[in-house]
1. Where residues in the range 159-182 are among the hydrophobic types (A, V, I, L, M, F, W, C), modelled with pLDDT under 95 and open to solvent by less than 20 Å² (accessible area, probe 1.4 Å), which of them is farthest from residue 245 (Cα to Cα)?
2. Scan the range 262-278 for residues that are within 26 Å of residue 84 (Cα to Cα) and open to solvent by 40 Å² or more (accessible area, probe 1.4 Å) and jot them down.
3. Would you be able to tell me the number of residues in the range 562-582 that are open to solvent by 40 Å² or more (accessible area, probe 1.4 Å), part of a loop (DSSP other than H, G, I, E, B) and under 14 Å from residue 642 (Cα atoms)?
4. Scan (1) open to solvent by less than 30 Å² (accessible area, probe 1.4 Å); (2) more than 30 Å from residue 166 (Cβ to Cβ) for the single condition residue 206 breaks and write down its number.
5. Quick one: is residue 393 part of a helix (DSSP H, G or I), free of Cβ contacts under 8 Å to residues at least 40 places away in the same chain and open to solvent by 20 Å² or more (accessible area, probe 1.4 Å)?
6. Would you call residue 282 surrounded by 19 or more Cβ atoms within 10 Å (Cβ to Cβ), touching a Cys at 6+ places or on another chain (Cβ under 9 Å) and within 19 Å of residue 518 (Cα to Cα)?
7. If you go through the range 352-384, how many residues are within 19 Å of residue 298 (Cα to Cα), part of a loop (DSSP other than H, G, I, E, B) and open to solvent by 10 Å² or more (accessible area, probe 1.4 Å)?
8. Would you check which residues across the range 69-87 are more than 20 Å from residue 180 (Cα to Cα) and either aliphatic (A, V, I, L, M) or free of Cβ contacts under 8 Å to residues at least 24 places away in the same chain (or both) and list them?
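The values are calculated or read from the model by the stated rules, or taken from the named source; none is laboratory data. Because the structure is a prediction, the values reported are computed rather than measured. When we count neighbours, we look across all protein chains shown, and the Cβ atoms used for this are built from the backbone with ideal geometry, even at glycine. Heads up: the accessible areas ignore ligands, DNA and RNA and are worked out on the full protein's heavy atoms, side chains in. Shrake-Rupley method; radii C 1.70, N 1.55, O 1.52, S 1.80 Å.
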Amino acid sequence: MEDTTLKINEHIYIKQLIKSMKIKMKFRQIALFCLFFVSTILWAEKPATLRSPDGNLIFSFSLDNSEMKYSVDYKSHPVIIHSSLGIAGWEQGIRLENVTTCSHDSLWHPLYGERSTIYDKYNGMSILLSRQTGHPNTRNVILEVRAYNSGIAFKYVFPEAVKGGFDLSIDRELTDYTLPEGSMAWITNLAQDTYTLAPLKDWKFEVERPLVIQLPQGGYACLAEAEMVDYVRTKFVLNPAKKNTIIGKMYQSVDLTTPFETPWRVVMAADNPCQLLENNDLLLNLNPASAISDMSWIKPGKQIRDVTLSTKGAKECVDFAAKHNLQYVLFDSGWYGTEESSKVDATKVDPSRGIDMPDVVSYAHSKGIGIWLYVGHRTLYNQLDKILPVYEKWGISGIKFGFVHVGSYFWTKWMHDAVKKCAEHHLMCNIHDEYRPTGFSRTYPNLLTQEGILGNEAMPDATHNTVLPFTRFIAGPADYTICYYFKKITAEQKKENPSLRGMLTTSAHQLALSVVYYSPLETMYWYDKPSYSHDEPELEFFDRVPSVWDDTKVLQGEIGKYATVARRSGNDWFVGTITNNDARTLKISLSFLPKGKKFLASVYEDDPNVKTVTHVGIKRMKVTSSSVINAKLLPSGGQAIWLKAL
């Protein structure tokens, strides 16, 4: 269970207020989430404001002719300018009834994460609004707002009234985001595509979440969502009727019965993109605590894929995993047959593969290695309840979901329910293709990771890789599928033959990705075989690097140019630095190390003079918190550092 410590800043018991508003338990639960003091605002002449604990972020709410409006300022600069709130059908006849505020200050310890302690500190505000329809069953909506130091979050809560719930059809949210003139956004159409820096005009497609925006006055914003579990996916489009304005476009309408809550809409703000990445646990804080009481069977780790789909190949991968401190071996697509077919049976191995599953699992377990199985979406849908007890009996560690459907209410709910069912059978999950996380792993930590990223399955270039830390990884973990030995090609070769597949980065770049990127289940050696390895000395870094961390610091970076991330496990630190397609020299300050302590630094970097296929050299030196390590990076290169406490 999550360990929680709670400190309440101010409180007034509001039982009489709730009773007088004649709202049943739903609103009472929200009100009593933290004890709070109450201020009442009678009408729209007096806007309601909410400040973050450090005072840097200000959320302002008002009613303009019964239309809900809001704005967000960061350090006295506008981030969101006089924008709309609400749900279609609730545009008119809105009356402000009460505003209640609270302060919350707690911490919790996740089972795994980018840090071992997460602080959950915010000021909150519940804005109770009624809709004047003449209907005898009074209909209310609560705008629930939280102001963290890292961002503003809000959602719409439809409580059950005294005379019971009512049906609610939502086909459009009115929420929009008007940004300062000159803002630029890092946009991508698909979860597995490249990014472009574009002004807020002439977008040709819907834009994925999270959406990072460079503000003209300096600083950054990020639009995101959290706790999107039983709703529909929302992407971003431009408002054709309002300049510099982004709106959330729902995948489809949602038909619901109250009580109900929408996902959280999130506006993060920061001085630089490094802070956005460091503050990404905001999305976890907006999700409920773990629903799994016994989490001892959930074990993050690193894995290698058996590309041969054979007993012999699998055992070779098991031996390689045991030798190189990997925890899992994956049987990927095809082990049970053609996944496009509706007639295949994922409780049996395809006879043409020659995989002796009991033998492989037994052999793997004898060496402390677990087995993961890929199952495509069609088979999951047809056989989920059948395969789960079978895999549990086989001793399988987890399931990789393939080609999942995303966006609609049906498939969104189905997929999250599937993760819950996996937990009942002690199976971990890795969801692949277009799914992007919104913090569900806090509630069901058996969901270790997901794709939702253009990774090494497609072999993107280094410039794309330097965009990802400050965009996609704000949402949470991603299974990028790191490669190491796969053949390398140049940008010129790729341009001449776009279908040519090969690595467009150096090997040291791939080493560094294991630190720069975060995935509790880290897939490594994606297109590689154990036979490709010749015990290159630098493999000690992959052997030592964990997949989960006690602390994370984003030391430096510019979107699309470079990134340096330092992460701690126990007393040791690991540092990864990557550059884009250009060469550059950076200085890595070790000031994050504890003062007065000495470390042995092993530095792994590209060196064309090293006579191995990977051309990675190693330098070792003793360092302290006052040391600075130079990183002379080749084009598309990188540097990895292991700092071992002495």
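1. Within the range 159-182, the match that is farthest from residue 245 (Cα to Cα) is 161.
2. So in the range 262-278, the residues within 26 Å of residue 84 (Cα to Cα) come out as 262-271, 276.
Listed by number, the list holds a single entry, 271.
3. Within the range 562-582, residues that are open to solvent by 40 Å² or more (accessible area, probe 1.4 Å), part of a loop (DSSP other than H, G, I, E, B) and under 14 Å from residue 642 (Cα atoms) number 1.
4. Unmet condition: (1).
5. Numbers: part of a helix (DSSP H, G or I): yes; free of Cβ contacts under 8 Å to residues at least 40 places away in the same chain: yes; open to solvent by 20 Å² or more (accessible area, probe 1.4 Å): yes.
Yes; evaluated as a whole, the condition is true for this residue.
6. Working: surrounded by 19 or more Cβ atoms within 10 Å (Cβ to Cβ): yes; touching a Cys at 6+ places or on another chain (Cβ under 9 Å): no; within 19 Å of residue 518 (Cα to Cα): yes.
The answer is no for residue 282.
7. Qualifying residue count for the region: 2.
8. Residues of the range 69-87 more than 20 Å from residue 180 (Cα to Cα): 86-87.
If the condition is that a residue be more than 20 Å from residue 180 (Cα to Cα) and either aliphatic (A, V, I, L, M) or free of Cβ contacts under 8 Å to residues at least 24 places away in the same chain (or both), then 87 is the only one that fits.
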